[in-house]
Structures are given as C-alpha cells and as structure tokens.
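Have a look at the structure below, then the notes.
Nothing in this text is a laboratory measurement; each read-out follows from the coordinates by a stated rule. Predicted model only: the values in this text are computed from it and were never measured. FYI the Cβ positions are ideal-geometry reconstructions off the backbone, even for glycines, and counts take in every protein chain you see.
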C-alpha cells in the first residue's frame, strides 16, 4: 500500500507518459527469505555532527552512544561529543576512529531495539572492531580500549604515506611495489605505501586507462609502514578478553566467516 501510494503521489506529473504491458514470464520459482548482513565502515566516512540527529530522536541510540563516550572520554583529551559537534580534528586518525566506533555501536543498538538481528557481521578495518564488539567477542570496555589505543598508535606514526583505490585485479597491481591494503572485489583493490610511490603509480594507472582514487588519509594504513606500532599494539591486545562470537563475523584477513577460535586469538 505504501509503495502504491508513493508511486501515485510522488512522481512528477509529466505531460507525456508511456505504459508497457506484457505476459512473458521473466523469472519463476519459489522465493526464499534472504539473510541479513550488517557492514561497519572504516576510517574516511566520518563527518561533523554525524549521529546527533539520531541522538535527539531515539533513546536507544542515545543510551548506547553515551555508554561508548563515557568509556572513550577517559582515554581522550577532549569529550568525543564536543569533537563531533564542532568537527575540529575529526579528520585526525584518533578522533575519526573513536567517533566512527561510537556511531556504529549506537546505530547497531538502535536497530537491535527494533527487534532486528543480523545473520552475519562484517567490518572494514576499524569496523571489524565494532563487529567484534556487537557479536560478543569483546565487551564494551575492552573494545573502547582497543579503538582508542589503535587510533593513538596509528596517529603517532610519521606521516608521508598514502593509499590508492584502483580499478584492477590483484594480479594487475602485483608489480606496483606497494602493499595491497584491501581487496574489495575482483577488480577493486586498495594500495598503500610511501606517498611519492603512490603518486607515481597513480600516474601509471591513469596511463593504462585504469580508474584510480587517492584516498584522503594521513598515513599508509594496512601497509608495512604500520610495523613500528605492532609491538605496543600487541601488548594492548594481550590485556583484552576475547569471548566466543554470538553472531558470525566475516574475517578481513580471509574474506570468509571466521571459524570458532580464530577471532579469539590476539
């Protein structure tokens, strides 16, 4: 009924219209109920004021958002809501990652309050921590610790790195001299490395007719340039408690649903 009403009342009343009818069967079969997946984004999707409208409208969102902020604020120099409201520093790695985590958790709890439970979870980069939390692998305290420390350690690394999205296969970019940070599809990869090398390779890709997009990042995330932080990051992980997942999570590493025990090992 809602769809019919919308079709009848919201389309432009144009002077000329055409209607096609047919009786040929295009598809046939018995429909089956699909499965629901929830994907959590990584760094780069943040924007000033995000989620504040939902905070005012939905108590479930506000309660979850406040719970995350209460745990993150003790680890941050400024209240997270203040940074979100004015946008100052939101492009910095630490603030971007903590803000996105708070938003993602609150969004999930809001949807959950409506009685919706996904069949599987997937998180891109930072979003994998959100997936680990809402699936039950990490409690909120440990998840907030991990997000804050991960952001702090990444931001402390020297700048000068870059990332490049390329419409090409893994095999196509094998000679790039850069690290493959992500494989988003059969012909969609993200490269990461030294900024000068990124710029040179972007020009090569353009000459080959490949679509490229330089990502707006401060560091070469998911590359060998992150290695100086790994020892301290491992120490952070060793202090966390990992539990079995209540909702299956797709691993960023394998691209498949993580087997029991895989995401419980730091």
- So if R0 is 35 Å, what FRET efficiency would residue 156 and residue 207 give, r being the distance between their Cβ atoms, rounded to the nearest 0.05? 0.45
- Message: Can you give the log10 of the normalised intensity I(q)/I(0) at q = 0.08, 0.09, 0.15 Å⁻¹, computed with Debye over equal Cα scatterers of the chain?
- Response: -0.43, -0.53, -1.16
- Query: Considering only DSSP beta bridges whose two residues both sit in the chain, what percent are antiparallel, to the nearest 5?
  - Reply: 70 percent
- Exposure proxy check on 222, 16: fewest-to-most Cβ neighbours within 10 Å is 16, 222
- Mean separation of Cα contacts under 8 Å, 6 or more apart, over the residue count of the chain: relative contact order %: 19 percent
- Query: Along each of its three principal axes, how wide is the spread of alpha-carbon positions in region 29-124, in whole angstrom units, largest first?
  - Reply: 57, 26, 21
- Message: How high is the relative contact order of region 161-214? Use alpha-carbon pairs under 8 Å, at least six apart in sequence, and give a whole percent.
- Response: 45 percent
- Note on the structure: Computed from every Cα-Cα pair in region 161-214, P(r) in 5 Å bins starting at 0 and rounded to whole percents is 5, 24, 39, 26, 6, 0
- Task: Using 0.36 nm per residue of separation minus the Cα-Cα distance, give me the extension gain between residue 169 and residue 78 in nm, one decimal.
- Result: 28.5 nm
- Message: Could you identify which residue out of 171, 96, 214 has the top mean-square fluctuation in a GNM of the chain using Cα springs shorter than 10 Å?
- Response: 171
- Message: Given the DSSP H assignment, sum -39500 (n - 2.57) over each helix run of at least 4 residues in the chain and divide by its residue total; what's the result at 222 nm in deg cm²/dmol, nearest 500?
- Response: -12000 deg cm²/dmol
- Query: FRET efficiency for residue 235 and residue 259, Cβ-Cβ distance as r, R0 = 22 Å, nearest 0.05?
  - Reply: 0.25
- Query: What is the order of 243, 125, fewest Cβ neighbours within 10 Å to most?
  - Reply: 243, 125
- Message: Can you tell me the length gained on complete extension of the stretch residue 224 to residue 3, counting 0.36 nm per residue apart and subtracting the Cα distance?
- Response: 74.5 nm
- With the label point 7 Å along the Cα-to-beta-carbon line of residue 36 and a cut-off under 15 Å to each amide N, the hits in region 224-260 are 247-248
- Task: Counting other beta carbons within 10 Å of each Cβ, put 188, 176 in order, fewest first.
- Result: 188, 176
- Note on the structure: Averaged over all viewing directions, the convex hull of the alpha carbons in region 139-266 casts a projected area in nm² of 8.7 nm²
